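Below is one structure, written out as structure tokens; comments come after it.
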Amino acid sequence: MATQLLRKVWGTVLARAGAPRDPESGSSSSPRRRGPTAAEYGSLGALDAVATDVLAQILRLLGPADAARSSAVCRAWRHLASDNALWAFFLSLGPEPWDLVVFAETHLASGPAVPRSVYYSAVRVPPQLSFKHIYGQRALVPGSIVVDGGSGYCKYGWSKYAAPSGRCATFLEFGNIETPMYARLRHFFSTIYTRMHVKPSARPIVVVLPLCHPDDTESARASRKQYKETLYSVLFDMNVPAVCAVDQALLALYAARRTSGIVVNIGFNATSVVPIFQGQVMHEIGIETVGQGALKLTGFLKELMQRRNISFESLYTVRTIKEKICYVAADYEAELCKDTQASCEVDGEGWFTLAEERFKMAEILFQPHMGGVLAMGLHKAVSLCMDHCYNAEVLGDHSWFKTVVLAGGSSCLPGLPERLEKELHNLLPTYISEGIRVLPPPFGTDTAWFGAKMIGTVSTFPDAWCVNKKQFRQKSRRSGPSLVNAWQ
């Protein structure tokens, strides 16, 4: 009742002032900075006696549309309605978490990081944010399609939605090994557009690029470029208006609200340790690859269950059990002395009970020989990457690589961040290990998809991040450097 009365009175004020809609007039003042009072900008009439904080609460109750209209009433109202704290409040009520909005608008609004040398000395200066301007721009951003091809299965959906709307096989499962890459990708994206009931020409698309050919060699760079050019060709031949393609590891880092660090991506067939500095994958420092991933973990659990004569119908059953009750032991030897029995139910197959198999499965990440794999342990691969980062002396800064972000479905295993952090502290000298933090996947199995979603909703999208068909064709006719980092 009080709100309705307030709106009625407010409507009268606006009508008398003849206030048109003006959502874009704004100020870039900081929410922590106190400027002149409203009275210094002119009279509010009968409202001069009302405290500024009360007027700010009134604007909050009225909502963003009426708050923007009040800017045209007079200078005093324009001052009140342009307050950064007011529009920060409106943004915090939106579907996106507030901390992700601030990170995206601070670090991602200017587009992809500019390619630079390892020893590049300049850093990005965070812009001063005008939340009123950002609110207006984000409202105009078109909803885009977000596709994370993954390595085990694909996630796809709308950037305006809270989570992926569907899942399917990766593009590698479309066709066979002899099928040309163009045909595979065309079939893959056609399937996604059909399932989403949308025409390719209707919306921009954000594509998560899988990590492939990670070496810093001429042939690896050529292979990466060829894959991306094929991807762009397919989408533009399907009349997609604009395309943004970003590396999977980089998006996982963005989802953790970081632009520098090391991403450990446990993929389907392999695990990659990727150093990233200020939004650039540091191929020149080196990406470590461990030859075991989620498939090997599931296969080893299957082997352990067979040793105990536990019957099951399919590998899907084993994977479900892995996701429900398996974990990483903080101390493997100590865990062997504990009672670790636990049970879970798999739909259609009943209950399964495991004991030490629950943590033995994941131990091959640190002791690959247990599963018959000749490979480095995960902790050794990460420590080797950190040693390379330290010796590279980027900016003379030895802290940028000390945040480790886990990504991939199997990285969601409970206990993995703590165990990896412990092993790194034991393995590395103090001058490198001090300050190391290992973070779990911020959005679970969908972490990279959420990183892409952040880009798809930033206020400068699609202009700052996308390549359109005309730009792609022009670039294809040139032999110079890649267009705005699209194929770096």
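Restricted to region 158-192, and to residues there that are assigned to a helix (DSSP H, G or I) and at pLDDT below 85, the residue that is surrounded by the fewest Cβ atoms within 10 Å (Cβ to Cβ) is E173.
So that you can scan it fast, the table gives a plain yes or no per residue for (1) touching a His at 6+ places or on another chain (Cβ under 8 Å); (2) assigned to a strand (DSSP E or B); (3) at pLDDT 95 or above; (4) farther than 30 Å from K225 by Cβ:
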| site | (1), (2), (3), (4) |
| --- | --- |
| V274 | no, yes, yes, no |
| G286 | yes, no, no, no |
| Q292 | no, no, no, no |
| G299 | no, no, yes, yes |
| V328 | no, no, yes, yes |
| C337 | no, no, yes, yes |
| T353 | no, yes, yes, yes |
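Output the residue which, of all residues in region 61-118 that are of a type in the set (S, T, N, Q) and not in a loop (DSSP other than H, G, I, E, B), is nearest to the chain's Cα centre (by Cα). Only one residue fits best here, namely T106. When you scan region 199-210, do you find a residue that is over 24 Å from M454 (Cβ atoms), in a helix (DSSP H, G or I), open to solvent by 40 Å² or more (accessible area, probe 1.4 Å) and in contact (Cβ under 8 Å) with a residue 40 or more places away in the chain, even just one? Yes, there is a match, as at least one residue in region 199-210 is over 24 Å from M454 (Cβ atoms), in a helix (DSSP H, G or I), open to solvent by 40 Å² or more (accessible area, probe 1.4 Å) and in contact (Cβ under 8 Å) with a residue 40 or more places away in the chain. In summary, A362 fulfils each of the numbered conditions (1) over 27 Å from Y254 (Cβ atoms); (2) surrounded by 15 or more Cβ atoms within 10 Å (Cβ to Cβ); (3) of a type in the set (G, A, S) with the single exception of condition (1). Of all residues in region 450-472, those being touching a strand residue (DSSP E or B) at 6+ places or on another chain (Cβ under 7 Å) and surrounded by fewer than 18 Cβ atoms within 10 Å (Cβ to Cβ) number 1.
Pairs under 9 Å by beta carbon, first residue among the small types (G, A, S) in region 346-361, partner surrounded by fewer than 13 Cβ atoms within 10 Å (Cβ to Cβ) and assigned to a loop (DSSP other than H, G, I, E, B), six or more apart or different chains? Listed by first residue and then by second, the contacts come to G348/E313; A355/R308; A355/D339; A355/Q341.
Taken over region 395-410, the criterion of being closer than 22 Å to G286 by Cβ, outside any strand (DSSP E or B) and more than 15 Å from the chain's Cα centre (by Cα) is satisfied by L395, G396, D397, H398, S399, W400, F401, K402.
Here K470 does not qualify as of a type in the set (D, E, K, R), at pLDDT 95 or above and either more than 21 Å from G157 (Cβ to Cβ) or under 25 Å from the mean Cα position of the chain (by Cα) (or both). For region 369-411, the tally of residues that are open to solvent by 50 Å² or more (accessible area, probe 1.4 Å), modelled with pLDDT of 95 or more and in contact with a strand residue (DSSP E or B) (Cβ under 8 Å, 6 or more places away or on another chain) stands at 1.
Among the residues making up region 257-286, a single one is farther than 22 Å from M376 by Cα, under 14 Å from the mean Cα position of the chain (by Cα) and open to solvent by less than 10 Å² (accessible area, probe 1.4 Å): G279.
The values are calculated or read from the model by the stated rules, or taken from the named source; none is laboratory data. Nothing here was measured: the structure is a model prediction, and the numbers come from that model. Heads up, the Cβs are rebuilt from the backbone with ideal geometry, glycines too, and the neighbour counts pull from every protein chain shown. Note: areas computed on protein heavy atoms with side chains; ligands, DNA, RNA excluded. Shrake-Rupley method; radii C 1.70, N 1.55, O 1.52, S 1.80 Å.
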